[in-house]
Amino acid sequence: PEIRELFDREILGRVPAHTPKVNWEVVSVKQEMNGNFAVKTKTLVGHVDNSIDPKIKVNIELTVSTPADAKGPVPVMMELGLSKEFMAMLLKRFPQFAKLAGKGPTWEQLVLARGWGYAEYIPTSVQADNGAGLNEGIVGLCNRGKPRKLDDWGALRAWAWGASRALDYFETDKAVDAKKVGIEGHSRYGKATLIAMAYDPRFA
């Protein structure tokens, strides 16, 4: 608790005592192939209750794919991932990344080979990755669009909060073993992954 208080006060900022509820909606369910693996993919939106400031909308983007032939709940690895729009921009700007595709199994296929599922959570759907966006997203919503105080939470802590809300959903999904949900991310999303695990011991 002492270390947590130091991080809250000096580094990550404080999460409000009361944050809005999230209502998860399954937008689509489809059977598809990922390499040689048949999977069932659910696309979800977590609608954050914005009754305190209806001008600010926050919709958490999440997909979860589980083996189509699973006989019960499976462990899931959740990636903090980039939005489709950002990925398209990245591939256009750095075409050499596209050439790397197809060189061996993807991380999702490695997970499926173990009989596990995988999920992708888009942190920027919770909070933009820039200071100018702090009067929007979950931080802006909790502040009713006003500027944040110096010790309010910022993007990293907001992303971790969103990861925990995804885990709330997994606890309701019979296809997922919610006690075995791992989490991973690269670079800045790696920091957010560490923060999510530090503040939410439910992550395996």
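The values are calculated or read from the model by the stated rules, or taken from the named source; none is laboratory data. It should be emphasised that the depicted structure is a prediction, and the values quoted were computed from it without experimental measurement. Virtual Cβ from ideal backbone geometry, glycine too; neighbours counted across all protein chains shown. Heads up: the accessible areas ignore ligands, DNA and RNA and are worked out on the full protein's heavy atoms, side chains in. Shrake-Rupley method; radii C 1.70, N 1.55, O 1.52, S 1.80 Å.
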What do you reckon, how do Leu150, Leu6, Leu110, Leu141 stack up by accessible area (1.4 Å probe), largest on top? Leu150, Leu110, Leu6, Leu141
For the stretch 5-47, what is the accessible area per residue in Å², given a 1.4 Å probe and the full set of protein chains? 67
Where the centroid of each part is defined by its Cα atoms, how far is the stretch 92-132 from the stretch 161-199 in Å? 15
Using modelled amide H (1.01 Å from N, peptide plane; none on Pro or chain starts), what sits under 5 Å from the amide H of Ile183, excluding residues fewer than 5 places away? Met78
So, by mean Cβ neighbours within 10 angstrom, what's the order for 67-75, 176-184 with the highest one leading? 176-184, 67-75
For the pairs Lys42/Lys84; Lys84/Lys174; Lys57/Lys84; Lys55/Lys84; Lys40/Lys99, flag any whose C-alpha to C-alpha distance is greater than 21 Å. Lys84/Lys174; Lys55/Lys84; Lys40/Lys99
Computed from these coordinates, which is Rg and Dmax of the Cα atoms in Å: (i) 50.9, 190; (ii) 17.6, 50; (iii) 17.8, 65? (ii)
Can you give the angle from 0 to 90° between the axis of helix 84-93 and the longest principal axis of the chain, with both taken from C-alpha atoms, to the nearest 10? 80
Measure nothing fancy, just the Cα-based angle from helix 155-170's long axis to the longest principal axis of the chain, in degrees from 0 to 90, nearest 10. 50
